[in-house]
Amino acid sequence: MTKKIAVFGSAFNPPSLGHKSVLERLSHFDHVLLVPSYSHAWGKVMLNYDSRCTMVAAFIEDLNFSNLSLCRIEEAISQNDKPVTTYDVMHSLQNEHPNAELTFVVGPDNFLSFSKFYRAKDILSHWQVLSCPETVPIRSTDVRDNIVKNRPISHLTTPGVVRIITSQHFYVASDGQK
């Protein structure tokens, strides 16, 4: 039987309950890889990669879904901090899992601009693409905005992520920089 793997890429800047609402609907996959952006293809400003990976690991632990794991493939394939594309991620993961059926999971914001993705047609011809909007309208931006405004974030993300943000004293300015 072919293993079915969902690839859920995001900045995870930080992981939010909106991300959780997407992941809840991916339980039919054997494995769901959470792939934080290493060097964003569209120049998005993010907390440093290791901090976001630490938060994703805590997020996964909090959710306790048996099919989730952190995947640092973007870091592994990055070259000189050049942007890492979805095509490169999917191609590399297919090489790592040659017999698996990979599905790229995309949120509604990226789905509407999917034609702008590098090699979008090649992605569509080689792999499945699943548009999976969040059912809880909470975005990473909401978490960052509350941090900036010194408001609670416990209703926007999981307890482990809140602990990390609090203990690391993450301050995320309005432009997204730490």
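The values are calculated or read from the model by the stated rules, or taken from the named source; none is laboratory data. Bear in mind that the values here come from a model prediction, so they are computed numbers and not experimental data. Cβ placement follows ideal geometry from the backbone for every residue including glycine, while neighbour counts extend to all protein chains displayed. Calculation scope for accessible area: heavy atoms of the full protein, side chains included, ligands and nucleic acids excluded. Shrake-Rupley method; radii C 1.70, N 1.55, O 1.52, S 1.80 Å.
Listed values, structure above:
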item	result
Flag for residue 142 being surrounded by 14 or more Cβ atoms within 10 Å (Cβ to Cβ) and either modelled with pLDDT of 95 or more or over 22 Å from residue 26 (Cβ atoms) (or both)	yes
Residues that are surrounded by fewer than 23 Cβ atoms within 10 Å (Cβ to Cβ) and either polar (S, T, N, Q) or more than 17 Å from residue 139 (Cβ to Cβ) (or both), drawn from region 14-24	21
Residues of region 85-121 classified as over 24 Å from residue 140 (Cβ atoms), touching a strand residue (DSSP E or B) at 6+ places or on another chain (Cβ under 8 Å) and in contact (Cβ under 8 Å) with a residue 60 or more places away in the chain, total	4
Single condition residue 52 does not satisfy, out of (1) open to solvent by less than 10 Å² (accessible area, probe 1.4 Å); (2) touching a helix residue (DSSP H, G or I) at 6+ places or on another chain (Cβ under 6 Å)	(2)
Flag for residue 84 being in contact with an Asp or Glu (Cβ under 7 Å, 6 or more places away or on another chain) and buried (at least 19 other Cβ atoms within 10 Å of the Cβ)	yes
Failed criterion for residue 115 (all others in (1) open to solvent by 70 Å² or more (accessible area, probe 1.4 Å); (2) modelled with pLDDT of 95 or more; (3) within 23 Å of residue 22 (Cβ to Cβ) hold)	(2)
Every residue from region 91-112 that is loosely packed, with under 13 Cβ neighbours inside 10 Å and polar (S, T, N, Q)	95, 99
In region 145-162, the residues that are touching a helix residue (DSSP H, G or I) at 6+ places or on another chain (Cβ under 6 Å), open to solvent by 20 Å² or more (accessible area, probe 1.4 Å) and closer than 15 Å to residue 13 by Cβ	none
Region 88-111, residues that are over 27 Å from residue 1 (Cβ atoms) and modelled with pLDDT of 95 or more	88
